[in-house]
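Down below is the structure, laid out as structure tokens.
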Amino acid sequence: MKYEVVLAGKTRIVELARQDGAWEFSLDGNIIDVNAVEVAPNTFSILLKGESHQIRIAPRPDGSLTVHTGLAEYHAEVIDPRSWRGRRHGALEAEGRQQIAAPMPGKVVRLLVKAGDAVEAGQGLLVVEAMKMQNEIRSPKSGKIEKLFATEGQAVNAGEVLLWVE
């Protein structure tokens with residue numbers, strides 16, 4: 001897959017290729033030694049030249065992206081319109097089975113779905129209360145609730161898997 005990406009005002013060519021079960025990345029024709037794993041919806045753990053980075057990608061209503069890493073924030077836009085065709089309001093929709101994890105420690109105060117329910121991308125799945133704030137956890141994709149591990153009133157730790165969307 002080849003994409004033209006505008007990142008922080010500079011246009012770059014990003015190529016992704018599947019090689020022996022892993023992804024090979026190329027930036028402007030140069031192969032990059034990088035290992036990327038999606039640890040939560042739109043959150044990636046990146047190992048780049050031996051250094052670990054956490055990157056969070058937030059879709060914007062106009063179809064562009066906000067990329068957060070450490071204290072830095074970047075604006076990105078994918079120029080290849082074919083790769084984003086059919087996306088609802090330009091938002092990214094995850095593919096394959098997705099584990100939904102607690103983004104922070106807290107308490108599950110409300111379940112909005114049950115196992116077997118059909119859900120749409122962006123639909124609320126459950127509400128986690130942390131530091132007296134209620135945070136609705138939304139589905140990263142359209143699909144079906146495969147397994148539900150959380151119960152109302154349950155205390156959860158950051159990163160704890162709450163449910164699977166298939």
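Each reported figure results from applying straightforward, stated rules to the coordinates on display, with no laboratory input. Keep in mind the model is a prediction, meaning the values are calculated, not measured. All Cβ positions, glycine included, derive from the backbone under ideal geometry; neighbour counts span all protein chains shown.
Based on Cβ point charges of +1 for Lys and Arg and -1 for Asp and Glu, what charge dipole magnitude is obtained for region 98-165 about its Cα centre, in debye rounded to the nearest 20?
0
If the chain linking Asn42 and Asn157 were pulled fully straight, counting 0.36 nm for each residue of separation and taking away their Cα-Cα distance, it would gain 39.5 nm.
Taking amide H as placed 1.01 Å from N in the peptide plane, the amide H of Val39 sits under 5 Å from that of Phe44, Ser45, each at least 5 places away or on another chain. Peptides 46-53, 63-70 ranked from most to least packed give 63-70, 46-53, packing being the mean of other C-beta atoms within 10 angstrom over each peptide's residues.
Phi angles across region 24-33 convert, under the Karplus curve 6.51 cos²θ - 1.76 cosθ + 1.60 with θ = phi - 60°, into 3J(HN,Hα) values of 10, 10, 9, 10, 6, x, 9, 5, 10, 7 Hz, Gly and Pro given as x. Under 5 Å between amide H atoms, partner at least 5 residues away or on a different chain: which partners does Met104 have, H built in plane at 1.01 Å? Amide H to amide H, under 5 Å and 5 or more residues apart or across chains, Met104 pairs with Gly159. Computed from phi, the 3J(HN,Hα) profile of region 47-53 under the Karplus parametrisation 6.51, -1.76, 1.60 (θ = phi - 60°) reads 10, 10, 6, x, 9, 8, 9 Hz, with x in place of Gly and Pro.
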